[in-house]
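Heads up, the thing below is written out as structure tokens.
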Amino acid sequence: MDLLSIRDLTVDFNTPEGIVRAVNGISFDVPKGKTVGLVGESGSGKSVTSLAAMGLIPNPPGKITGGQILFEGKDLVGASDEEMRKIRGNEISMIFQEPMSALNPVFKVGDQIAEVLMLHKGMNKKEAWQKAEELLHQVGIPDPKSSVQKYPHEMSGGQKQRVCIAIAIACEPKLLIADEPTTALDVTIQKQVLELMFDLQEKYKMGMLFITHDLSVIADIADDVVVMYRSNLVEKSDTKKIFTSAQHPYTKGLLACRPSLDKNPSRLLTVADFMDEQGNEIEVDPEKTKLASKPKQEHKDDDVLLEVNNLHTHFPIKGGLFGKTVDHFKAVNGVSFKVQRGKTLGLVGESGCGKTTLGRTILRLIEPTAGQVIYDGVDLTKLDKKQLREMRSRMQIIFQDPYSSLNPRMTIGETLLEPMDLHNIGANKKEKIDRAKWLMEKVGLSASQLSRYPHEFSGGQRQRICIARALAVNPDFIICDESVSALDVSVQAQVLNLLLDLQDEFGLTYIFISHDLSVVNFISDEVAVMNRGKIVELDKAFKVYHNPENDYTKSLLSAIPKGVPKELLEEGTR
Amino acid sequence: MDTADAIMTSDEKIEIESIKGRSLLGDAWQRLKKEKKAVLCLGIVLFYALIALLSWWGVIAADWGKEVGASYSPPSSEHWLGTDIFGRSVLQKVIHGTQIAMSVGLISSAIAIPIGVFFGAVAGYFGGWIDELVVWFYTTFSSVPQIMLLMSIAFILGKGITTVYIALGLTSWVGLARLIRGEVMKHKDRDYVQAAGSLGAGHGRKLFKHILPNVSHIVIIFTSLQFQVAIKSEVILSYLGLGVSGQPSWGTMIDDAKLELARDVWWQLAGATIAMFVVVLAFNILGDSLRDALDPKLKGKD
């Protein structure tokens, strides 16, 4: 008997627009002591499936309208609240994506771990706290004795996720559900957390349901993979088979759209290359396959567009009763580099390394403390307000979060018209609107959508709108600040392709900021690795990835998920 | 550019119209429509507004000062709400009071909103010493009990309806300024404001074109709640003898009633109180519903 068997599960949501089927009759099993990866893009129903297993579907609007969820043979669909409370956190427990919001900020870490133990194991406070210390030690938090006394905000993101894991395994559950547990973490931390989860699973012989949008994350740890697409289960198989001989076109697309470090194609294949709108398999265009395997051309020229010299950005740290400046936080601490016209410089580093501050300082959205930014022969740091405003039409930025970077009270048309108004592009309103329409088509959207508001678009579409807005002023230089990080891998590939197409067409120069090394490798000509406000390595992308010289770069590279199961890698090298 | 606009054909105009879509207000209205009690309260408010307008134009209750019957005659089919000491119709006085109450709400909001929005927006957007100065100013201002301020303004300006407008307007902007300041602070670091900056938008454009429309729902909610506060405050001021004089308002009617009750004349008190109670309740419920309908934080949770 399997630990968890989901049989023909159907979940409906009642929305103002009518009934939406979030999960449509799916069946799969999680055997005891095995890991099953549940893969799909946002909105595919994967999280709803896991919430259903926990009995956490909000009702209303959600309702399980059919099927069974068998946990050790017992159907959880009809279980009472009382029964579910006993199971939740005790026999089935869950880890969420955002460790920052999954912990209660006003309680000590020790309290939060002890709570589950006192609730389910009937321990008294003293025993529970002792056990909490032990658990923190198990999840690899240094100095557990003092760490139990800490509040969540005193810990880093990775440590918080470890605490969440400690809470989840406190009662030695039989089943652990992990919903994108590493998506919000840096790659080095991601690797550590994945290893920790794998070790704990071995130790406690837990069944694990691991939900993710990124196949490469689970390549190493899952025994079986279940792929969901638009509320349906499209493929289930063992992990090795998925990676070697995927059947469904969606799975094939997912595997192909993730940039990898070994190949450096000039274009990524996307899910749309494998299947049409209705989900039918289509023949992959051989022209595209060719592009997808053709390495990018390396051509040399020495036309420098942007030169950054010894740039510093420091933020004052205020302390004491009267808020005197006691010290400076050196977010950008002496950075120098050059970017060639028409090329892409990739800027990688972990969160907090100063890469975002660097990007915004170059555009003078944040004022530099010292140093020069020479753009096409003009020192930007010396410009007054008016001159700077004129320069803004040549340099643009695309932000990370497509949800917050569009004004929710302006239509897409108004959003695209604004930069043209500011820089007097287009003689009259008619010309401007024509240009807005043209821009929409350039970024792959329909001109008829200009009257819509941002909330009517998906994340990927919004990012396209942001790109259109940046292009509206005819820039020749764009900073992409984590511009694809918030997107699903399948959507990410489309946006990356779009950025490359636009670069070809308009001769754009990019600085591409990301924490994702494979994405940076795909898109960049040169790569700068940043750590603690400084650039530690800067060279041609190929060289940085294949012959890294700096130890920090090496540690970053080794942490990238290989994207293929270990056994396959070993077979490949044999 | 204006001339270019002027010579555009109607087709082109339609095209420009087409970049305007269903706005947030439109959305909010769709949501508000679904709530029966909100629609009912909106109806009540509109009814009061109509009464006030008709009274203002002199269509109804124009001759509230005329003696229509015996002094203190109780409610009857002829005089639905009875008469007062001078034999004037209480119903007509209540209607005239509606005009006073609505105008107090409207004008005091019209005074308070620009002050509150300006101080709140400037403090929230610029921060630093400007913020400290504004916060210092309004915390000092609001630490004096509102009734004391109202009374002192009334003493300085003398009695009368204008005093009530100004006094209520000047004392009620602090809450709005606080709310706006907080919301502006939240929005000013959002990426869309940064994006506007990177396109070359200056402070004015960022604040007025981008941030303020995103906090404007607060003004609408505030107005609906301010109305009922103003109506109640007018009653209190008039009751204290600092408000309206020379014409009937709900406050002066209630003030009169304190002597009348001893003689078992309850209808003047009842008329004014019920009229006030219904509209204050309607504004309160409407304010809450507006908050639910307009607040983007709650969006999608319905």
Practice problem: Could you work out how far the C-alpha centroid of region A:164-179 sits from that of region A:1-76, in angstrom? | Solution: 19 Å
Quiz prompt | Exercise: per-residue mean of other protein chain Cβ atoms within 10 Å, B:205-217 | solution = 2
Quiz item: Per residue of A:420-428, what is the mean number of Cβ atoms on other protein chains within 10 angstrom of that residue's Cβ?
Solution: 3
Practice problem: Once you've got the Cα coordinates, tell me which of A:Lys174/A:Lys355; A:Lys108/A:Lys236; A:Lys160/A:Lys562; A:Lys318/A:Lys385 are over 30 Å apart. | Solution: A:Lys174/A:Lys355; A:Lys108/A:Lys236
Quiz prompt | Check: the protein assembly as shown dipole with +1 on Lys, Arg Cβ and -1 on Asp, Glu Cβ, in debye | solution = 1440 debye
Quiz item: Accessible area per residue of region A:439-506 at 1.4 Å probe, in Å²?
Solution: 28 Å²
Quiz prompt | Quarter of the Cα convex hull surface for region B:27-298, i.e. its orientation-mean projected area (nm²) | solution = 17.0 nm²
Exercise. Grab the other residues whose beta carbon is less than 12 angstrom from that of B:Cys41, score K and R as +1, D and E as -1, and report the net.
Key: 0
Quiz prompt | Probe 1.4 Å, all protein chains present, accessible-area order of A:Thr35, B:Thr223, largest first | solution = B:Thr223, A:Thr35
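Can you give the calculated 222 nm mean residue ellipticity of chain B, where each DSSP H run of n ≥ 4 adds -39,500 (n - 2.57) and the sum is split over every residue, rounded to the nearest 500 deg cm²/dmol?
Values: 13 runs with 212 residues, N = 302.
Rounded to the nearest 500, the figure is -23500 deg cm²/dmol.
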Quiz item: When DSSP assigns beta bridges and you keep just the ones with both residues in the protein assembly as shown, what percent turn out antiparallel, to the nearest 5?
Solution: 60 percent
Quiz item: Taking the Cα centre of region B:27-298 as the origin, how large is its charge dipole in debye, to the nearest 20, when only Lys and Arg (+1) and Asp and Glu (-1) carry charge on their Cβ atoms?
Solution: 760 debye
Practice problem: Would you mind getting me the FRET efficiency between B:Lys33 and B:Leu259? Use the beta-carbon distance for r and R0 = 41 Å, nearest 0.05. | Solution: 0.30
Practice problem: Relative to the longest principal axis of the C-alpha atoms of chain B, give the angle of the C-alpha long axis of helix B:24-34, reported between 0 and 90° and rounded to the nearest 10°. | Solution: 50 degrees
Exercise. Take peptide A:400-408, look around each residue's Cβ out to 10 angstrom, count Cβ atoms belonging to other protein chains, and average those counts.
Key: 5
Practice problem: Please pull out the direction-averaged projected area of the protein assembly as shown, using the convex hull of its alpha-carbon atoms, in nm² to one decimal place. | Solution: 46.9 nm²
Quiz item: Which value, in nm² and rounded to one decimal, describes the direction-averaged projected area of the C-alpha convex hull of region B:122-222?
Solution: 7.6 nm²
Exercise. Show B:Met276, A:Met84 ordered by accessible area, largest first, where the area counts protein heavy atoms only and the probe is 1.4 Å.
Key: B:Met276, A:Met84
Quiz item: Expressed as a whole number of Å, what is the distance separating the alpha-carbon centroids of region B:207-273 and region A:413-481?
Solution: 49 Å
Exercise. May I ask which residue of B:Gly43, B:Leu261, B:Ile211 lies farthest towards the positive end of the charge dipole of region B:27-298, with charges of +1 (Lys, Arg) and -1 (Asp, Glu) on Cβ and the Cα centre as origin?
Key: B:Ile211
Quiz item: Where both residues lie in region A:1-129, what percent of DSSP beta bridges are antiparallel, nearest 5?
Solution: 95 percent
Quiz prompt | FRET efficiency, 1/(1 + (r/R0)^6) with R0 35 Å, evaluated for A:Ser42 and A:Arg394 via beta carbons | solution = 0.50
Quiz item: What total accessible surface area, summed over both chains, is buried at the interface between chains B and A, computed with a 1.4 Å probe and given in Å² to the nearest 100?
Solution: 3200 Å²
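The values are calculated or read from the model by the stated rules, or taken from the named source; none is laboratory data. A quick note: this is a predicted structure, and the numbers were derived from the prediction, not measured. Note: ideal-geometry Cβ built from the backbone for every residue, glycine included; neighbour counts use all protein chains shown. Heads up: the accessible areas ignore ligands, DNA and RNA and are worked out on the full protein's heavy atoms, side chains in. Shrake-Rupley method; radii C 1.70, N 1.55, O 1.52, S 1.80 Å.
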